[in-house]
Each structure stands twice: as structure tokens, then as C-alpha cells.
Amino acid sequence: MMPDNRKAVALYERHGFTDTGESGNLLPAGVRRERVLAKSLATV
């Protein structure tokens, strides 16, 4: 997701997703990267 999309980050975090620390894909300008979140299925 876009790293500065605070509403999306809040939504995902409310549903148990956490930042993976991985480098996401380059964004169109080639300067920033997507933010990668994941949710463990073991806790579902």
C-alpha cells in the first residue's frame, strides 16, 4: 500500500496486520516503495 495512506494503514492494523519490514515494489516515481503488511494465519 502507499506508505502515507494513513486510513488504509489504520484499517489493516485494526484487522491484525503488521508491517513486515520488507521492501515493497517501487512506486511510479521510483523514489519510494510500497509498505508491506501481513497477518499471521496462526492467530486466526
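Just so you know, all these numbers are worked out from the coordinates, no wet-lab data involved. Bear in mind the structure is a predicted one, so any value in this text is a computation, not a measurement. Cβ: placed from backbone, ideal geometry, glycine included. Neighbour counts: every protein chain shown.
Observations on the structure shown:
- Inter-residue pairs, beta-carbon under 8 Å, first within 11 Å of Met1 (Cα to Cα) and in contact (Cβ under 8 Å) with a residue 24 or more places away in the chain and in the stretch 12-40, second of a type in the set (Lys, Arg) and assigned to a strand (DSSP E or B), 6+ apart: Leu27/Arg33
- Flag for Asp19 being surrounded by 12 or more Cβ atoms within 10 Å (Cβ to Cβ) and not hydrophobic (A, V, I, L, M, F, W, C): yes
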